[in-house]
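*Asks:* My structure is below; once you've seen it, I'll send some questions.
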Amino acid sequence: MSKKRAVTLRPYIQTRFAYEKLRVGSHCGHFTALWEEQCNICGKGSLITVTQKATSNVKRSMRNEQLIALLIGLIGIFVSQTFLQMILSAVAVILLVALLWFVQRRMLASEIPLELERLFIQEQVNILEDLKHNRKTAVASLKEDELLTYEMLREISTLVQNDKIRLQQVVLLQSFVLRKDMDLTVEPLLIDGFDPDLAAYIGEIAKIKRDLIKNRSIRYILAYEPYILEMEQGIDILTSVAGAAVRLKTYVETYPDFIRRYASRLPKDRFLRLYRIIRQYPDHPWGKLADEVAIIQKELYE
Ligand SMILES: [Zn+2]
């Protein structure tokens, strides 16, 4: 394996909705999922969030409605025959605009999500094109900086999910020294097929951040167990994942055979954790796992 680099990842900012990662150039309307200060495409104008963009669209169309109301009122005043008619028209137009303003102000909050939806539908093709451009920028920086590339891909992957982007991230992550305090993830990176880098990554996470190993990761490892066993570090990967799985009783219940196969290789603390779970629930039908654990306990730890 090539030499790994020690790096510091910039913190990943989780947003409530994926689209909140998307910003749009106020000058040219191009989209970006990265964090540049100015639009990379036209180099002009600031970048605003899509929510800000939608809000300004809604406000503009509301202003247009007010102008139309005002215009109708002015025409009314203009065509008035008498002074009284003129006064009545003026009063009517003031009331109309005021009412409109009041209604619009109440509708603003509910109009923004609708406008966002409209914006996404209308700009779908452009957004995809611009995200493709983002990815090219990310890959182009690969020669200079793997860390920056990874960070860019991580941002893009909030919006574009495909196995290619997932694997690119996994391969880059495998070139870093991973630490417990890093902002790492596993499940969003899982792909459909077998990949040795991904398997190695899961094995490493199972050691340093076992909380991240959940059902989907365990199932991935299980599905490709024969392939993983052919890898140089294969048994190590499988043992680490089994060791991470024993942290919860539910995983022991769900994958008893998998855990049994690697139980004898578990580090002491992981094995004792498994042993305690089984001791705590003696009536649970653990099957062969309970027998195996009893034998290992006798042989190694008694
Ligand atoms: Zn621009």
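Readers should treat all values here as calculations from the given coordinates under stated rules, not as data from a laboratory. Model, not experiment: these values are computed from the prediction. Please note: Cβ atoms are built from the backbone with ideal geometry, for glycine as well, and neighbour counts cover all protein chains shown.
*Asks:* Distance in nm between label sites at Asp197 and Ala140, each 7 Å beyond Cα in the beta-carbon direction?
*Replies:* Distance between label points: 2.1 nm.
*Asks:* Further question on the same structure: Among Thr239, Gln169, Ala109, pick out the residue whose Cα is farthest towards the positive end of the charge dipole of the chain, where Lys and Arg carry +1 and Asp and Glu carry -1 on C-beta, about the Cα centre.
*Replies:* Working it through, the farthest residue towards the positive pole turns out to be Ala109.
*Asks:* Roughly speaking, what is the stretch gain from Leu96 to Asn64, that is 0.36 nm per residue apart minus the C-alpha to C-alpha distance, in nm to one decimal?
*Replies:* Working: separation 32, 0.36 × 32 = 11.52 nm, distance 1.39 nm.
So the extension gain works out to 10.1 nm.
*Asks:* Run the numbers on the range 14-154 and let me know its relative contact order in percent, using alpha-carbon pairs under 8 Å that are six or more apart.
*Replies:* After rounding, I find 22 percent.
*Asks:* Here's another thing I want to ask about it. Using Cα pairs closer than 8 Å and at least 6 residues apart in sequence, work out the relative contact order for the range 1-69, in percent. Write down the numbers at each step before the final one.
*Replies:* On the way: 57 pairs, mean separation 16.6, N = 69.
Computed value for the range 1-69: 24 percent relative contact order.
*Asks:* May I ask for log10 I(q)/I(0) of the chain at q = 0.09, 0.10 Å⁻¹, from a Debye sum over the Cα atoms as equal point scatterers with solvent left out?
*Replies:* -0.65, -0.73
*Asks:* What are the radius of gyration and Dmax of the range 93-166, computed over its Cα atoms and given in Å?
*Replies:* Computed over the Cα atoms of the range 93-166, radius of gyration and Dmax are 20.4, 64 Å.
*Asks:* Another question about this same structure. Listed highest first by mean packing, meaning other Cβ atoms within 10 Å per residue, what order do 235-241, 175-181, 162-168, 17-23 come in?
*Replies:* Values: 235-241: 22.6, 175-181: 13.9, 162-168: 15.9, 17-23: 17.4.
Highest mean packing first, the order is 235-241, 17-23, 162-168, 175-181.
*Asks:* I want to make sure I understand the PRE zone here: with the label point 7 angstrom from the Cα of Leu190 toward its beta carbon, which residues in the range 144-165 have backbone N atoms less than 15 Å away?
*Replies:* Backbone N within reach: 163.
*Asks:* Give me the three principal axis extents of the range 5-142 from the C-alpha atoms, as integers in angstrom, largest value leading.
*Replies:* Principal axes ranked by extent give 85, 28, 24 Å for the Cα atoms.
*Asks:* Say the cut-off is 27 Å between C-alpha atoms; which of Lys21/Lys136; Lys44/Lys164; Lys4/Lys207; Lys249/Lys288; Lys143/Lys164; Lys249/Lys298 go over it? Walk me through the intermediate numbers first.
*Replies:* Numbers: Lys21/Lys136 18 Å; Lys44/Lys164 32 Å; Lys4/Lys207 17 Å; Lys249/Lys288 16 Å; Lys143/Lys164 18 Å; Lys249/Lys298 22 Å.
Lys44/Lys164, as the Cα separations exceed 27 Å there.
*Asks:* Same structure, new question: Given the alpha-carbon gyration tensor of the range 184-301, what are the semi-axes of its equivalent ellipsoid in whole angstrom, ordered largest first, with each equal to the square root of 5 times an eigenvalue? The partial results should precede the final answer.
*Replies:* Numbers: eigenvalues 119, 40, 31 Å².
Ellipsoid half-lengths, sorted descending, are 24, 14, 12 Å.
*Asks:* A further question on this structure: Give the relative contact order (percent, whole number) for the chain; include only Cα pairs under 8 Å separated by 6+ residues. Don't skip to the end; give the middle numbers.
*Replies:* On the way: 320 pairs, mean separation 41.1, N = 302.
Over the chain, the number comes to 14 percent.
*Asks:* What's the FRET efficiency of Ser26 with Gln233 using the Cβ-Cβ distance as r and R₀ = 30 Å, to the nearest 0.05?
*Replies:* Numbers: r = 50 Å, r/R0 = 1.66.
Efficiency, rounded to the nearest 0.05: 0.05.
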